[in-house]
Amino acid sequence: AQSVAQPEDQVNVAEGNPLTVKCTYSVSGNPYLFWYVQYPNRGLQFLLKYITGDNLVKGSYGFEAEFNKSQTSFHLKKPSALVSDSALYFCAVGAGANNLFFGTGTRLTVIP
Amino acid sequence: GAGVSQTPSNKVTEKGKYVELRCDPISGHTALYWYRQSLGQGPEFLIYFQGTGAADDSGLPNDRFFAVRPEGSVSTLKIQRTERGDSAVYLCASSLMGQGRSRELFFGEGSRLTVL
């Protein structure tokens, strides 16, 4: 069985500071890991994914995520936060052959 | 259209009524998914279509829920005898065929269902 944990419901960070949104996972077999972002009244948008290869994955809007197999983590990061980054972020794991299993989400607020 | 389109964006109904939610995927995407997102939760998988057939309906909560995709493009999620617990945002997503678990899903903005 697969699972995803996002331990923080809410993350606050000052504009210009680095941000981290945490995610840990549990899967059998090779993990396929994703980050999606949800802006108010908008659909989920794909940010980045890890399938194989380099542990540091770069994605949209300057975000990146680091796959750590030993810690079973896939934390989302950005070196300098923008107010416009404020949104709901979801970590997900590829489940079975057909779908994604999502975490409960972390609300990021970037304070001007 | 350029993205996944869902209608209606909002639906308010009374307990016991029948509801249909429509999804128009990105042109050329053969895989289509329905998810349900309750308040404060992440999206939960309902059903997956590959072409016209439901390849995986293991996420449908009970037999009141049904989905079709008769021509391999537009899909309709049907909910019979709605209950207050069905209130949620129903999300549709599509993707290219053949990517397996590495596939990137493209989501619509969702249909918010409220059952009074």
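Anything in segment A:84-112 that is touching a helix residue (DSSP H, G or I) at 6+ places or on another chain (Cβ under 8 Å), surrounded by fewer than 17 Cβ atoms within 10 Å (Cβ to Cβ) and under 30 Å from residue B:57 (Cα atoms)? List them, or say none. Scanning segment A:84-112 gives A:96, A:97. Against the test of being open to solvent by 30 Å² or more (accessible area, probe 1.4 Å) and over 24 Å from residue B:110 (Cβ atoms), the options A:81, A:1 yield a single qualifying residue, A:1. Taking the numbered list (1) under 29 Å from residue B:31 (Cβ atoms); (2) surrounded by fewer than 21 Cβ atoms within 10 Å (Cβ to Cβ) in turn, residue A:7 passes all entries but (1).
Restricting to segment A:1-59, give me the number of residues that are among the aliphatic types (A, V, I, L, M) and without any contact (Cβ under 8 Å) to a residue 12 or more places away in the chain.
2
Are any of the residues in segment A:66-73 touching a strand residue (DSSP E or B) at 6+ places or on another chain (Cβ under 8 Å), open to solvent by less than 40 Å² (accessible area, probe 1.4 Å), closer than 17 Å to residue B:104 by Cα and not charged (D, E, K, R)? No: zero hits. Note on segment B:44-116: enclosed strands (runs of 3 or more DSSP E) holding 2 or more residues that are more than 10 Å from chain A (Cβ to nearest Cβ) and not acidic (Asp, Glu) are B:53-56, B:65-68, B:75-79, B:88-95, B:111-115. Within segment B:11-36, residues that are within 14 Å of chain A (Cβ to nearest Cβ) sit with their Cβ atoms under 8 Å from residues that are among the charged types (D, E, K, R) and open to solvent by less than 30 Å² (accessible area, probe 1.4 Å), at 6+ positions apart or across chains, in these pairs: B:31/B:103; B:32/B:69. Here residue A:12 fulfils each of the conditions (1) surrounded by fewer than 16 Cβ atoms within 10 Å (Cβ to Cβ); (2) at pLDDT 95 or above; (3) closer than 22 Å to residue B:110 by Cβ apart from (3). Residues considered: B:91, B:21, B:46, B:96. Of these, the only one that is closer than 30 Å to residue A:47 by Cβ and surrounded by fewer than 20 Cβ atoms within 10 Å (Cβ to Cβ) is B:96.
The values are calculated or read from the model by the stated rules, or taken from the named source; none is laboratory data. Not measured: the values here are computed from a predicted model. Virtual Cβ from ideal backbone geometry, glycine too; neighbours counted across all protein chains shown. Note: areas computed on protein heavy atoms with side chains; ligands, DNA, RNA excluded. Shrake-Rupley method; radii C 1.70, N 1.55, O 1.52, S 1.80 Å.
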